[in-house]
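Student: The structure under discussion is supplied below as structure tokens; questions concerning it will follow.
The values are calculated or read from the model by the stated rules, or taken from the named source; none is laboratory data. Note that this is a predicted model, so its numbers are computed, not measured. Quick reminder, even Gly has a Cβ in these numbers, built from the backbone with ideal geometry, and neighbours come from all protein chains shown. Just the protein is used for accessible areas: all its heavy atoms, side chains included, with ligands, DNA and RNA removed. Shrake-Rupley method; radii C 1.70, N 1.55, O 1.52, S 1.80 Å.
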Amino acid sequence: MSPDPVSRHAAFRDKLGLPFRLLADTDKEVAKKYDVWKEKNRFGVKSMGIERSTFVIGEDGRLQECMYGVRVKGHAEEVLTCVRESD
């Protein structure tokens, strides 16, 4: 989920051949509730943006794990381990 428009999500999904819909949070309401809409500082330039994060939500709809500031490399394996351990 990101604040990008639905059309951009659809193009990304189609480009990668993903078999599911991606959620758009264009008003940043969800990002703010999950506390991931943050001020960023890149090369001395401050701007607002999403802190890359993962939330594992159980079958009962409750948060099982919150992972903030994640890095792409190796993260899928970390999430898979978390999901397997929660079974």
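Student: Filter the stretch 26-50 for residues that are closer than 23 Å to SER7 by Cβ and open to solvent by 70 Å² or more (accessible area, probe 1.4 Å) and give the result. Working first, answer last.
Tutor: Residues of the stretch 26-50 closer than 23 Å to SER7 by Cβ: 26-32, 36-37, 47-50.
THR26, ASP27, GLU29, LYS32, MET48 - these are the residues of the stretch 26-50 that are closer than 23 Å to SER7 by Cβ and open to solvent by 70 Å² or more (accessible area, probe 1.4 Å).
Student: Still on this structure, please answer the following. Restricting to the stretch 47-65, and then to whatever is touching a residue at least 24 places away in the same chain (Cβ under 8 Å) and assigned to a strand (DSSP E or B), can you tell me which residue is nearest to ASP27 (Cα to Cα)?
Tutor: That would be ILE50.
Student: Looking at this structure, is GLU39 of a type outside the set (A, V, I, L, M, F, W, C), out of contact with any His (no Cβ under 6 Å at 6 or more places or on another chain) and part of a helix (DSSP H, G or I)?
Tutor: Working: of a type outside the set (A, V, I, L, M, F, W, C): yes; out of contact with any His (no Cβ under 6 Å at 6 or more places or on another chain): yes; part of a helix (DSSP H, G or I): no.
Answer is no for this residue.
Student: When you scan the stretch 1-23, how many residues do you find that are in contact with a helix residue (DSSP H, G or I) (Cβ under 6 Å, 6 or more places away or on another chain) and at pLDDT 95 or above?
Tutor: 0
Student: To continue, here is another question. Where residues in the stretch 1-21 are assigned to a loop (DSSP other than H, G, I, E, B) and in contact with a strand residue (DSSP E or B) (Cβ under 8 Å, 6 or more places away or on another chain), which of them is least open to solvent (accessible area, probe 1.4 Å)?
Tutor: Among residues in the stretch 1-21 that are assigned to a loop (DSSP other than H, G, I, E, B) and in contact with a strand residue (DSSP E or B) (Cβ under 8 Å, 6 or more places away or on another chain), the one least open to solvent (accessible area, probe 1.4 Å) is PRO3.
Student: Restricting the search to the stretch 66-87, which residues are open to solvent by 80 Å² or more (accessible area, probe 1.4 Å), modelled with pLDDT of 90 or more and in a loop (DSSP other than H, G, I, E, B)?
Tutor: Once the filter is applied, which keeps residues that are open to solvent by 80 Å² or more (accessible area, probe 1.4 Å), modelled with pLDDT of 90 or more and in a loop (DSSP other than H, G, I, E, B), the stretch 66-87 yields ARG71, LYS73.
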